[in-house]
1. Going through VAL42, VAL115 one at a time, which residue ends up being under 17 Å from the mean Cα position of the chain (by Cα) and either at pLDDT below 95 or under 28 Å from GLN10 (Cβ atoms) (or both)?
2. Of the numbered conditions (1) modelled with pLDDT of 95 or more; (2) surrounded by 12 or more Cβ atoms within 10 Å (Cβ to Cβ), LYS72 satisfies every one except a single condition; which is it?
3. GLU23: acidic (Asp, Glu), at pLDDT 95 or above and touching a Leu at 6+ places or on another chain (Cβ under 8 Å), yes or no?
4. Any residue that is assigned to a loop (DSSP other than H, G, I, E, B) and either touching a residue at least 24 places away in the same chain (Cβ under 8 Å) or among the β-branched types (Val, Ile, Thr) (or both) - is there at least one of those in the stretch 159-181?
5. Return the residue satisfying two criteria in turn: it lies in the stretch 79-105 and is out of contact with any helix residue (DSSP H, G or I) (no Cβ under 8 Å at 6 or more places or on another chain) and on the phi > 0 side of the Ramachandran plot, and of such residues it is modelled with the lowest pLDDT.
6. Specify which of the listed residues (LEU31, LEU22, LEU18, LEU11) is more than 26 Å from ILE162 (Cα to Cα), in a helix (DSSP H, G or I) and under 16 Å from the mean Cα position of the chain (by Cα).
7. Exactly one condition in (1) more than 23 Å from GLN38 (Cα to Cα); (2) in contact (Cβ under 8 Å) with a residue 40 or more places away in the chain; (3) surrounded by fewer than 14 Cβ atoms within 10 Å (Cβ to Cβ) is false for GLN193; which is it?
8. Does the stretch 127-144 contain at least one residue that is surrounded by 19 or more Cβ atoms within 10 Å (Cβ to Cβ), among the charged types (D, E, K, R) and either under 24 Å from VAL29 (Cβ atoms) or over 16 Å from the mean Cα position of the chain (by Cα) (or both)?
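The values are calculated or read from the model by the stated rules, or taken from the named source; none is laboratory data. Because the structure is predicted, anything quoted here is derived from the model rather than measured. All Cβ positions, even for glycine, are placed from backbone atoms using ideal geometry, and neighbour counts span all protein chains on display.
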Amino acid sequence: MNPIANILTQLRTQTSTLHSALEQTSLSVALLNEHVAQENYVAYLQKMREIVAFYEAEVFPALNDALPDLQKREKLPLIDEDLSYLSSDISGLPIFSASGEQNSSVGYALGCMYVMEGSTLGGKVILKHISKTLGINPEQGGSYFDGYGDQTGQYWKTFLHILQEYSATHDCDDEIITGAKDTFISIKNYFEQ
């Protein structure tokens with residue numbers, strides 16, 4: 001097997017069950033329900049706000065040298081803009097904290113980022129759904145799920161290329177996979193609080 005492609009195959013294989021479990025949480029299911037209510041959407045955004053705030057504060061610093069476009073990948077301002085548009089209060093939310101053994105290695109951070117960037121790609125599906133059901137659009141409460149707009153697919157490909165190159169030149173596949181697994185588990189646990 002091509003060692004460069006191998007890390008992506010490993011990530012998909014070793015996180016598929018965790019990814020499915022996250023999609024089956026009541027918060028995720030409610031968001032994609034054909035009768036989704038605005039309060040379901042707001043509850044999802046509120047939880048994601050805490051998750052994004054944590055990863056941008058705790059994981060992004062490890063990626064400063066690995067991802068040249070890291071600042072363009074910050075999403076906290078987008079969520080805050082959406083929550084403000086929806087007149088949502090974020091006080092009183094439980095604090096998100098990641099489970100597992102957090103470390104500051106680039107490999108581990110790339111694994112975390114694999115999940116976060118993957119959710120940006122999936123956000124386009126969510127935006128299409130809530131646009132149809134709730135009338136949300138990128139300018140009116142949907143900027144977070146719009147991700148990078150028309151460039152979302154390209155940002156994903158760029159990230160995967162960087163991840164593959166890093167994996168090929170460093171001995172860190174286990175760290176990458178652990179970072180991804182820990183992120184899926186942490187988000188699921190937080191969604192279920």
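1. Working: VAL42 fails: either at pLDDT below 95 or under 28 Å from GLN10 (Cβ atoms) (or both).
On inspection, the qualifying residue turns out to be VAL115.
2. Among (1) modelled with pLDDT of 95 or more; (2) surrounded by 12 or more Cβ atoms within 10 Å (Cβ to Cβ), the lone unmet condition for LYS72 is (2).
3. Details: acidic (Asp, Glu): yes; at pLDDT 95 or above: yes; touching a Leu at 6+ places or on another chain (Cβ under 8 Å): no.
Against the criterion (acidic (Asp, Glu), at pLDDT 95 or above and touching a Leu at 6+ places or on another chain (Cβ under 8 Å)), GLU23 does not qualify.
4. Step one: list which residues in the stretch 159-181 are assigned to a loop (DSSP other than H, G, I, E, B), which gives 170-172.
Checking which are either touching a residue at least 24 places away in the same chain (Cβ under 8 Å) or among the β-branched types (Val, Ile, Thr) (or both) leaves us with 170, 172.
Among the residues of the stretch 159-181, at least one is assigned to a loop (DSSP other than H, G, I, E, B) and either touching a residue at least 24 places away in the same chain (Cβ under 8 Å) or among the β-branched types (Val, Ile, Thr) (or both), which makes the answer yes.
5. If we filter the stretch 79-105 for residues that are out of contact with any helix residue (DSSP H, G or I) (no Cβ under 8 Å at 6 or more places or on another chain), which is where we start, we get 84-85, 87, 89, 91-92.
Still in the list and also on the phi > 0 side of the Ramachandran plot: 87, 92.
Details: SER87: 93, GLY92: 77.
The selected residue is GLY92.
6. On the way: LEU22 fails: more than 26 Å from ILE162 (Cα to Cα); LEU18 fails: more than 26 Å from ILE162 (Cα to Cα); LEU11 fails: more than 26 Å from ILE162 (Cα to Cα).
Unique residue meeting the criteria: LEU31.
7. Of everything listed in (1) more than 23 Å from GLN38 (Cα to Cα); (2) in contact (Cβ under 8 Å) with a residue 40 or more places away in the chain; (3) surrounded by fewer than 14 Cβ atoms within 10 Å (Cβ to Cβ), GLN193 misses just condition (1).
8. No, the stretch 127-144 has no match at all.
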